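See structure below.
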Amino acid sequence: MTTDATRRAAPFWGRSHYLDRMTLGELTVAYLRHHAIVAYLALVAVSAALFAWHPAGAVPTVATIALVVIAYPLIWYVLHRWVLHSHWMFRTPLLSGIWKRIHYDHHRDPNHLEVLFGALYTTLPTLLLVAAVPGWLIGGTGGAAAGFATGLLCTCVYEFFHCIQHLSYKPRVRWLATMKARHMEHHFHDETGNFGITNFAWDRVFGTLYRRVERPAKSPTVFNLGYTDAVAVQYPWVARRSHPIPARPRGADRRARPSPDGG
């Protein structure tokens with residue numbers, strides 16, 4: 001039997017991590033070693049080198065960085081609500097595997113670190129489209145490099161705060177505690193609201209911001225995003241790719257164990 005000491009001593013590569021069973025220190029190490037974060041930071045360095053080779057002016061550079069930072073929460077809201085929580089993706093054979101990887105698996109097992117991070121084959125093309133292209137339009141090659149680097153760094157920050165929200169603790173800082181509570185409600189109570197993850201301004205604008213007390217009834221699809229057994233009969237492609245979720249360390253319940261402040 002694997003003991004806690006053995007599990008803690010095991011290398012981070014090649015094993016699963018469950019955020020509700022990790023400390024902030026363990027998360028930090030796992031985060032910095034995760035291939036997605038390593039790739040993002042490496043591409044930031046490449047973008048910086050490209051910017052140094054083809055610099056944009058101060059005004060285009062600042063404008064590009066400001067645009068990406070301001071637009072990032074809205075872009076994430078749109079993608080999270082209308083793409084990741086869509087039904088059209090699992091109804092399409094070619095897209096069903098992507099949908100399963102980038103969000104369905106995360107809702108099935110919300111605290112599993114390895115499926116929390118986005119897939120590079122989806123995040124990188126998206127960042128090129130929403131960050132590098134606008135930067136290129138504003139400041140040419142240097143603007144594209146600045147925009148892409150900014151998008152990558154925003155993603156790194158977003159992913160770290162996303163991970164923190166799944167740790168089993170109640171933050172002392174009020175704004176972080178509120179952020180965590182809203183996200184835990186999205187995962188463990190009703191997935192049809194609180195899409196913002198780290199910024200809920202657009203939930204407020206679109207009327208999807210809620211607190212658990214405002215929605216007494218728990219969503220029956222909070223863990224499957226509407227991909228029920230009945231739906232799987234008609235659209236079987238996700239089910240064919242899915243496997244039973246492995247037993248959790250220390251006998252943890254993979255579904256019904258939100259963090260202490262989850263409401």
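The values are calculated or read from the model by the stated rules, or taken from the named source; none is laboratory data. Just so it is clear, the model here is predicted, and its values are computed rather than measured. In this analysis, Cβ positions are derived from the backbone assuming ideal geometry, glycine residues included, and neighbour counts consider all displayed protein chains. The protein model used for the area step is the full one, side chains on, heavy atoms only, and it has no ligands, DNA or RNA in it. Shrake-Rupley method; radii C 1.70, N 1.55, O 1.52, S 1.80 Å.
If I go through the stretch 110-122 residue by residue, how many of them are farther than 15 Å from Thr221 by Cβ and either surrounded by 20 or more Cβ atoms within 10 Å (Cβ to Cβ) or of a type in the set (A, V, I, L, M, F, W, C) (or both)?
First, pick out the residues of the stretch 110-122 that are farther than 15 Å from Thr221 by Cβ: 111-122.
Narrowing further to those that are either surrounded by 20 or more Cβ atoms within 10 Å (Cβ to Cβ) or of a type in the set (A, V, I, L, M, F, W, C) (or both): 111-113, 115-120.
Residues flagged as farther than 15 Å from Thr221 by Cβ and either surrounded by 20 or more Cβ atoms within 10 Å (Cβ to Cβ) or of a type in the set (A, V, I, L, M, F, W, C) (or both) within the stretch 110-122 amount to 9.
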*Take the stretch 194-217 and flag every residue that is within 30 Å of Pro93 (Cα to Cα) and without any contact (Cβ under 8 Å) to a residue 40 or more places away in the chain.*
Asn194
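Quick check on my filter: what residues within the stretch 72-97 are aromatic (Phe, Trp, Tyr), touching a residue at least 12 places away in the same chain (Cβ under 8 Å) and open to solvent by 20 Å² or more (accessible area, probe 1.4 Å)?
Within the stretch 72-97, the subset aromatic (Phe, Trp, Tyr) is 72, 76-77, 82, 88, 90.
After this cut, where a residue has to be touching a residue at least 12 places away in the same chain (Cβ under 8 Å) as well, the list is 72, 76-77, 90.
Tyr72, Trp76 - these are the residues of the stretch 72-97 that are aromatic (Phe, Trp, Tyr), touching a residue at least 12 places away in the same chain (Cβ under 8 Å) and open to solvent by 20 Å² or more (accessible area, probe 1.4 Å).
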*When the stretch 155-179 is examined, which residues are found to be in a helix (DSSP H, G or I) and open to solvent by 30 Å² or more (accessible area, probe 1.4 Å)?*
Val157, Phe160, Phe161, Arg174, Trp175, Thr178
*Filter the stretch 42-71 down to residues that are in contact with a helix residue (DSSP H, G or I) (Cβ under 8 Å, 6 or more places away or on another chain) and among the β-branched types (Val, Ile, Thr) and give me whichever is surrounded by the most Cβ atoms within 10 Å (Cβ to Cβ).*
Thr64
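Inside the stretch 131-184, can you point out the residues that are hydroxyl-bearing (Ser, Thr, Tyr) and touching a residue at least 60 places away in the same chain (Cβ under 8 Å)? Walk me through it before giving the result.
Step one: of the stretch 131-184, the residues hydroxyl-bearing (Ser, Thr, Tyr) are 141, 150, 155, 158, 168-169, 178.
Passing the criteria: Thr141, Thr150, Thr155, Tyr158, Ser168, Tyr169.
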_Considering only the stretch 138-153, I want to know if a residue exists there that is outside any helix (DSSP H, G or I) and either open to solvent by less than 40 Å² (accessible area, probe 1.4 Å) or in contact with a Leu (Cβ under 6 Å, 6 or more places away or on another chain) (or both)._
no
*asked:* When you scan the stretch 190-197, do you find a residue that is under 17 Å from the mean Cα position of the chain (by Cα), under 16 Å from Val78 (Cα atoms), of a type outside the set (D, E, K, R) and open to solvent by 20 Å² or more (accessible area, probe 1.4 Å), even just one?
replied: yes
*At least 1 residues that are at pLDDT 95 or above and over 21 Å from Cys154 (Cβ atoms) in each: list the helices (runs of 4 or more DSSP H) lying fully within the stretch 194-243 that qualify.*
229-234, 237-241
